[in-house]
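To keep things clear, I will list the structure first and then write my remarks on it.
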Amino acid sequence: MFKYPLFNLNFDSQEEDAILEVLRSRWISTGPKVKEFEDLFSHQLGVNHSLALTNCTVALHLAMLISNIGPGDEVICPSLTFVATINAIKYVGATPIFCDIVDVETPVMDPVDIDKKITSRTKAICVMHHSGFNPVIGKIKELSDAHNLILIEDACHAPLSIQDGKYLGTYGDISCYSFFSNKNISIGEGGMICINDTEKYETAKLLRSHGMTSLSYERSKGHSASYDVVKLGFNYRMDDIRASIGIVQTLKFIEQIPDRAMIRKDYIRFLKKENADIIIPFENCHEQSSNYIFPIVLPERFNMKKREMLRARLAESGIQTSAHYPPVHKFSLYSHHDHELPFTEDFYERTVTIPFYVGLHENDLEFITRKISDGINLID
């Protein structure tokens with residue numbers, strides 16, 4: 001066990017009480033708690049519709065389907081993301097076109113590279129807001145509008161993050177969220193798709209539950225005696241047990257946004273004091289952020305081998321680390337094309353994600369940053 005894990009699950013009796021309430025209601029599948037969770041999410045983001053799902057991968061899949069993306073279409077996407085973002089494009093038979101990041105200080109899709117890769121086959125741009133930030137989303141939105149492209153936001157890192165006074169996840173046509181166990185809002189498994197277009201929402205709602213025109217809960221309450229199947233749908237439903245946890249977790253997360261901002265501020269202060277050569281992505285972004293993870297970029301003299309040596313030293317000191325993410329274009333499934341993504345590859349080879357969660361105190365942050373600095377100096 002690490003003294004300083006990468007993530008610390010923020011569960012207590014509130015989640016237990018929420019689960020017990022559902023169990024005692026005698027309705028545990030998709031029902032009133034799912035609707036309550038969806039309404040809470042829509043209210044917080046200011047969107048018309050939210051649909052709770054089994055995970056974010058299926059949210060991305062539905063985003064592609066309701067956008068009528070399919071064979072022959074191209075979707076411009078990041079390689080610096082979790083592979084599910086890209087798999088969803090392949091599920092519908094479309095072609096992912098990988099885009100480089102701006103640079104190691106701004107590891108999100110580069111609008112200049114996006115513009116170069118737009119062709120007559122481009123149907124959509126799927127953007128991911130790394131760590132809870134995206135200072136160039138406005139420029140990406142301008143590109144999608146200028147070329148009449150669908151803009152899908154993989155907002156797994158960015159619930160309630162703000163850029164230029166507007167929530168990330170509300171710039172595009174559709175946004176997708178994850179409630180995996182290590183996310184800001186932790187359920188274990190779960191996702192949400194947010195949509196303003198009512199027609200697309202109704203289609204997604206049908207596809208979520210086998211293409212059926214009514215749910216079991218509605219029929220149990222006498223709102224519908226029968227149902228029709230009008231589309232080839234899936235079983236992508238969330239249950240009330242997970243939704244009840246999601247409600248509690250969302251409210252907790254809202255309360256802790258300022259705490260996460262303070263931890264980030266203190267981390268930056270200590271890191272700059274210990275080693276000025278360390279690059280902190282999005283260092284100059286000061287609007288509200290989810291602060292999902294805290295990556296640092298090691299000095300230019302570091303490569304992947306040296307990075308792994310540093311991670312091993314930190315592990316010996318009880319500090320868990322990771323690297324977000326291995327570039328998707330390097331995986332065997334996606335490596336059959338020539339890809340020139342130098343900033344993406346450089347970022348991955350030199351990045352280390354360090355512990356970040358509410359409960360870390362100044363002395364903890366000082367210890368972690370000192371060990372990082374010591375390790376860098378020793379490995380050099």
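The values are calculated or read from the model by the stated rules, or taken from the named source; none is laboratory data. Worth saying up front: this structure is predicted, and the values here are computed from it rather than measured. Cβ sites come from the backbone with ideal geometry, for glycine too, and all protein chains shown count toward neighbours.
Filtering Lys141, Lys90, Lys117 for residues that are in contact with a strand residue (DSSP E or B) (Cβ under 6 Å, 6 or more places away or on another chain) and modelled with pLDDT of 95 or more leaves a single hit, Lys117. In the set (1) in contact with a helix residue (DSSP H, G or I) (Cβ under 8 Å, 6 or more places away or on another chain); (2) touching a residue at least 60 places away in the same chain (Cβ under 8 Å); (3) surrounded by fewer than 17 Cβ atoms within 10 Å (Cβ to Cβ); (4) farther than 24 Å from His129 by Cα, the condition left unmet by Asn275 is number (3). Residues in the range 284-321 that are free of Cβ contacts under 8 Å to residues at least 12 places away in the same chain and charged (D, E, K, R) were compared, and the one that is nearest to Ala158 (Cα to Cα) is Glu308. Using the structure shown, decide if Val102 is assigned to a strand (DSSP E or B) and either in contact with an Asp or Glu (Cβ under 9 Å, 6 or more places away or on another chain) or of a type in the set (D, E, K, R) (or both). The answer is yes for Val102. Checking Ile263, Ile268, Ile296 one by one, the residue that is crowded, with 18+ Cβ neighbours inside 10 Å, assigned to a helix (DSSP H, G or I) and not assigned by TED's automatic domain parsing to the domain that holds Tyr177 is Ile263 and no other.
Examine the range 61-70 for a residue that is buried (at least 23 other Cβ atoms within 10 Å of the Cβ), among the β-branched types (Val, Ile, Thr), outside the structural domain of Thr353 (by TED's automatic domain parsing) and under 30 Å from Glu349 (Cα atoms), and state whether such a residue exists. No, because not a single residue in the range 61-70 is buried (at least 23 other Cβ atoms within 10 Å of the Cβ), among the β-branched types (Val, Ile, Thr), outside the structural domain of Thr353 (by TED's automatic domain parsing) and under 30 Å from Glu349 (Cα atoms).
It is to be established whether one or more residues within the range 182-194 are out of contact with any His (no Cβ under 6 Å at 6 or more places or on another chain), assigned to a loop (DSSP other than H, G, I, E, B), free of Cβ contacts under 8 Å to residues at least 12 places away in the same chain and among the hydrophobic types (A, V, I, L, M, F, W, C). No, that holds for no residue.
Residues that are surrounded by 20 or more Cβ atoms within 10 Å (Cβ to Cβ) and in a helix (DSSP H, G or I) within the range 144-165 comprise just one, Ser144.
Could we say that Val34 is at pLDDT 95 or above and either within 15 Å of the chain's Cα centre (by Cα) or not assigned by TED's automatic domain parsing to the domain that holds Arg237 (or both) here? The answer is no for Val34.
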